[in-house]
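Asker: Attaching a single structure in structure tokens format; questions to follow.
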Amino acid sequence: MIDGSWAELKFRDPSRAKELTRALVGVVQSMGRSPVSVMHVCGSHEQAIAKFGLRSAFPRELDVIMGPGCPVCITDVPEVDEAVVLAGQGVRIATYGDMLRVPGTVESLADARAKGARVDVVYSVAHAVELARQSTEDVVFFASGFETTAVATAAVLLRDPPSNFSVLSAHKYIPPVMEIVAEMPQTRVEGFLAAGHAATITGWGIFEPFVERHRLPVVVAGFEPLDILAGLVSLAEVIREGTPRVVNAYPRCVTREGNRAAQETLWSVFRPVGGRWRGIAHVPNGNLRLKDEWASFDARKRFDIDLSSLWDYAPATLSQECICGDIMAGISSPSDCPLFGSECVPEKPVGACMVSSEGTCKIWHEYGGLPDRTGVLA
Amino acid sequence: MDGLNATVDFFGVRRTIRLDVVDEPVSPGDYILNHVGFAIRRIPEEEIGETLALYEQLLREAESDIMAADVRGEIEAGRGDGG
């Protein structure tokens with residue numbers, strides 16, 4: 001890449017942002033009702049909305065809900081437990097940094113590491129493979145993330161990794177959970193803002209059957225402030241028109257067919273199976289697991305992971321009050337949670353939404369969803 | 001570029017990324033979309049212009065709709081002059 005500054009400026013141009021915001025206010029207010037509720041399903045969208053202060057520019061009538069778009073947050077407790085137990089058995093674990101502090105039944109990986117387990121944080125799965133290459137001992141990559149991230153995991157398996165490398169997959173597949181949210185009886189969602197990265201892989205065509213089934217529009221949007229504003233203007237227009245369809249508001253990255261090479265990579269290694277998403281529901285076809293032909297690289301097949309050793313302990317009581325599930329389903333906000341900002345803070349998270357940099361609670365906490373009283377009083 | 005590895009400049013930070021699953025062949029100077037250390041899309045320069053054109057179109061549509069809505073509102077309120 002030569003010099004990215006011009007591209008950055010174009011997608012963050014304040015005067016263009018103002019115009020788009022004005023358009024958004026105009027379209028939403030012309031509907032003459034409140035609230036108009038839309039959901040995005042991507043932690044990166046929420047990060048950008050918070051970082052650039054976009055929410056304060058949204059019209060009052062528009063409710064932009066963050067759905068189950070944080071892969072760390074929806075990693076289920078038993079999945080974390082599997083990694084914690086493996087680490088406790090002396091197996092070296094490599095994982096993305098966000099996964100370290102996600103609470104399991106009793107411990108997080110950070111707790112296990114404090115007690116002497118070997119847990120490496122990696123930026124890329126390619127780095128985890130390197131760790132295995134430099135060693136003779138087993139290295140298990142605890143793999144989280146949606147289909148976009150699963151493509152990377154699949155890619156390293158297709159490149160002849162060393163035999164001491166294996167994968168503990170907690171990868172998730174987004175399209176099925178949109179069905180779940182659309183079918184929730186309490187849902188107020190009138191349209192979805194779909195994540196540009198995932199759609200870069202799958203293509204926008206994948207949302208057409210969803211729109212057909214649920215009569216809810218889907219707009220694919222990128223992650224720069226202007227991308228998000230443009231996506232919301234487009235979504236509000238389609239809602240106002242009342243003829244649901246898929247709109248691609250991220251044409252520089254997303255095509256109808258998507259990235260076929262990446263799709264082939266993904267589906268040659270993974271298969272979708274049903275499973276629980278933390279706090280949400282059992283999601284049919286929502287989990288990505290290694291296909292049988294990859295059994296020798298599947299940590300669940302290679303190791304005897306005995307979770308029962310954890311279950312002698314009583315579950316933490318605070319976690320039962322956690323409302324992460326309702327927050328991710330768009331039914332509640334962090335400010336509705338009695339733990340938010342008091343018992344549950346980023347330094348001492350109760351729920352996974354306070355752990356991940358893509359979690360709603362962590363983002364709200366970081367960017368002032370709740371006033372920082374200590375700062376005010378000091 | 002070195003086989004399936006490439007050095008990418010992310011607004012000043014240099015990082016090695018993998019090219020296993022990029023949708024089209026890339027060459028030095030190209031823009032890419034990165035995800036967890038893997039290029040998942042070569043971004044053709046002309047399509048950056050396409051996105052900017054999309055913003056313009058959205059603005060034009062919203063603008064004319066708002067004006068139309070204003071006129072409709074005025075007519076309903078009995079203030080429209082029909083012209």
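Asker: Between A:Ser30, A:Ser356, A:Ser44, find the one with the highest GNM mean-square fluctuation for chain A; connect C-alpha pairs within less than 10 Å.
Answerer: Of the options given, A:Ser30 has the highest mean-square fluctuation.
Asker: Select from segment A:206-276 those trypsin sites (Lys or Arg not before Pro) which occupy a DSSP coil region and have at most 15 other Cβ atoms within 10 Å, ordered by residue number.
Answerer: Of the trypsin sites (Lys or Arg not before Pro), the ones in loops of segment A:206-276 whose Cβ has at most 15 other Cβ atoms within 10 Å are A:Arg215, A:Arg245, A:Arg256.
Asker: Which order results if A:Asp306, A:Asp160, A:Asp63 are arranged by neighbouring Cβ count within 10 Å, fewest first? Write down the numbers at each step before the final one.
Answerer: Details: A:Asp306 11, A:Asp160 8, A:Asp63 18.
Final ranking by Cβ density, sparse to dense: A:Asp160, A:Asp306, A:Asp63.
Asker: Note down, for chain A, the three equivalent ellipsoid semi-axes (square root of 5 times each alpha carbon gyration tensor eigenvalue), biggest first, whole angstrom.
Answerer: Numbers: eigenvalues 242, 124, 77 Å².
Over the Cα atoms of chain A, the semi-axes work out to 35, 25, 20 Å.
Asker: Still on this structure, please answer the following. Starting from segment A:138-205, pick out the trypsin sites (Lys or Arg not before Pro) whose DSSP state is loop and whose Cβ has at most 12 other Cβ atoms within 10 Å. Walk me through the intermediate numbers first.
Answerer: Values: sites: A:Arg159, A:Lys172, A:Arg188; in loops: A:Arg159, A:Arg188.
Sparse-neighbourhood loop trypsin sites (Lys or Arg not before Pro): A:Arg159.
Asker: Rounded to the nearest 500, what is the 222 nm mean residue ellipticity of the protein assembly as shown from helices alone, with -39500 (n - 2.57) per DSSP H run of 4+ residues and division by all residues? Can you show the working numbers first?
Answerer: Details: 17 runs with 177 residues, N = 461.
Calculated mean residue ellipticity at 222 nm is -11500 deg cm²/dmol.
Asker: Okay, moving on. Once you've got the Cα coordinates, tell me which of A:Lys18/A:Lys51; A:Lys51/A:Lys115; A:Lys51/A:Lys348 are over 26 Å apart. Don't skip to the end; give the middle numbers.
Answerer: On the way: A:Lys18/A:Lys51 16 Å; A:Lys51/A:Lys115 35 Å; A:Lys51/A:Lys348 23 Å.
In this structure, A:Lys51/A:Lys115 lie more than 26 Å apart at Cα.
Asker: Of all DSSP beta bridges in segment A:218-374, what percent run antiparallel (nearest 5)? Show your work: numbers first, answer last.
Answerer: Details: 8 of 12 bridges.
Around 65 percent antiparallel, to the nearest 5.
Asker: On to the next question. Restricting to DSSP loop positions (anything but H, G, I, E, B) with no more than 15 other Cβ atoms inside 10 Å of their own Cβ, which GluC sites (Glu not before Pro) remain in segment A:101-167?
Answerer: Numbers: sites: A:Glu107, A:Glu130, A:Glu137, A:Glu147; in loops: A:Glu107, A:Glu137.
Passing sites in segment A:101-167 are A:Glu137.
Asker: Right, next: Taking only Cα atoms and a 10 Å spring cutoff, compute GNM fluctuations for chain A and point out the largest among A:Glu183, A:Glu208, A:Glu61.
Answerer: Its mean-square fluctuation being the largest, the pick is A:Glu183.
Asker: Using the Karplus curve 6.51 cos²θ - 1.76 cosθ + 1.60 with θ = phi - 60°, work out ³J(HN,Hα) for each residue of segment A:33-42 in order, rounded to whole Hz, and write x for Gly and Pro.
Answerer: After applying 6.51 cos²θ - 1.76 cosθ + 1.60, I find 8, 8, x, 9, 9, 10, 10, 9, 10, 8 Hz.
Asker: In a GNM of chain A with a 10 Å cut-off on Cα contacts, which of A:Leu109, A:Leu20, A:Leu168 has the highest mean-square fluctuation?
Answerer: Most flexible of the set in this elastic network: A:Leu20.
Taken together, the values in this text are just the output of simple stated rules run on the coordinates, not laboratory data. Nothing here was measured: the structure is a model prediction, and the numbers come from that model. Quick reminder, even Gly has a Cβ in these numbers, built from the backbone with ideal geometry, and neighbours come from all protein chains shown.
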